[in-house]
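Quick note: the coordinates plus some simple rules give every number you see, no bench work behind them. What you see is a predicted model, and the numbers here were worked out from it, not measured in a lab. Cβ sites come from the backbone with ideal geometry, for glycine too, and all protein chains shown count toward neighbours.
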Amino acid sequence: MSVGAREGIDPESQISAYYQFVSRAYRCVSLNLEIDGQKFDLQEYKHLVGIIDDDHPDIVIIKGAQLGLTIAHILKAIDRAIREELRGTLYLFPRERDVTDFSKARFARILAENPELGRHVRATDSISIKEIAGTYIYFRAAGTKAGGSVGSKAGLKSIPIDDLYYDERDEMPDDRVALADRRLDGSLKPHRTALGTPTVPGYGVDEQYQESDQRTFHHKCANCGGWTCLELGWPECLVLG
């Protein structure tokens with residue numbers, strides 16, 4: 001990519017303006033966001049840059065714990081709600097307690113810690129619905145296959161949306177997933193992301209990932225200069241001595 005400098009304009013400022021326009025990750029960093037009391041630094045989470053910026057209509061992510069993926073998708077959902085005229089966003093969890101914990105402990109805290117984002121939010125009395133820049137974000141429970149949480153079919157009906165996020169998709173009943181997918185019907189710019197820990201090979205997020213372009217994040221070895229995907233190359237990637 002080449003960025004030409006116009007006469008009389010500082011090249012660095014021009015490049016910054018360019019990335020502010022095209023890169024969601026860059027916008028997040030430029031806001032000096034604070035997450036859970038700490039500065040949001042993508043230098044520590046480089047694997048999130050491509051994920052935050054990716055606007056492919058159908059994304060699947062095989063996730064692990066403590067990788068920042070939940071935060072990344074909160075920021076992605078908020079940015080899309082602010083910058084695009086969305087009909088609505090649905091963020092789906094297996095259990096009702098997941099909805100409550102997420103809304104109170106994660107979503108509300110991010111907005112409280114970051115007034116630049118919080119100023120776009122209108123107060124609502126509901127844990128499960130938030131209004132951001134004229135777009136409603138719905139937090140719903142789909143229920144679990146084990147039957148510990150049945151969720152609500154009514155909560156998945158009559159919600160016109162453009163964005164749909166599944167958190168721990170494999171735990172959800174397939175009929176509820178299909179019902180949620182129907183909420184994207186009629187969308188001119190549908191966007192769906194499924195996140196989760198795989199449970200059975202060839203099912204759920206694993207099946208979707210096998211059908212995808214299967215992107216992986218590679219780390220550069222400071223010693224040999226080689227690039228390695230630790231998830232796929234561990235422990236053979238270690239060279240001792």
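Step through the table entries 63/189; 39/76; 104/220; 46/157, compare each Cα-Cα distance with 29 Å, and write down the pairs that go over it.
Cα-Cα > 29 Å for 104/220; 46/157; rest within.
In nanometres, what is the gap between the two model label sites at residue 119 and residue 189, each 7 Å from Cα along Cα-to-Cβ?
Computed distance between label sites residue 119 and residue 189 equals 2.3 nm.
I want to check the label-to-label distance for residue 129 and residue 210. Put each point 7 Å from Cα in the C-beta direction and report it in nm to one decimal.
That separation, rounded to one decimal, is 4.1 nm.
With the dipole of segment 15-149 worked out from charges on the C-beta (+1 for Lys and Arg, -1 for Asp and Glu) around the Cα centre, which of 35, 70, 139 lies farthest toward the positive end?
139
Please state the shape class of segment 40-127: rounded when a/c is under 1.5, otherwise prolate if a/b exceeds b/c and oblate if not, all from the C-alpha gyration tensor.
rounded
Report the equivalent ellipsoid semi-axes for segment 61-205 in whole Å, largest first, defined as the square roots of five times the eigenvalues of the gyration tensor built from alpha carbon atoms.
Sorted largest first and rounded, they come to 23, 17, 15 Å.
When the chain is fully extended, how far beyond the present Cα-Cα distance does residue 175 get from residue 231, taking 0.36 nm per residue of separation?
Length gained, residue 175 through residue 231: 17.0 nm.
Under 13 Å from the Cβ of residue 200, count the other residues' Cβ atoms, weight Lys and Arg +1, Asp and Glu -1, and hand me the total.
With Lys, Arg at +1 and Asp, Glu at -1, the net is -3.
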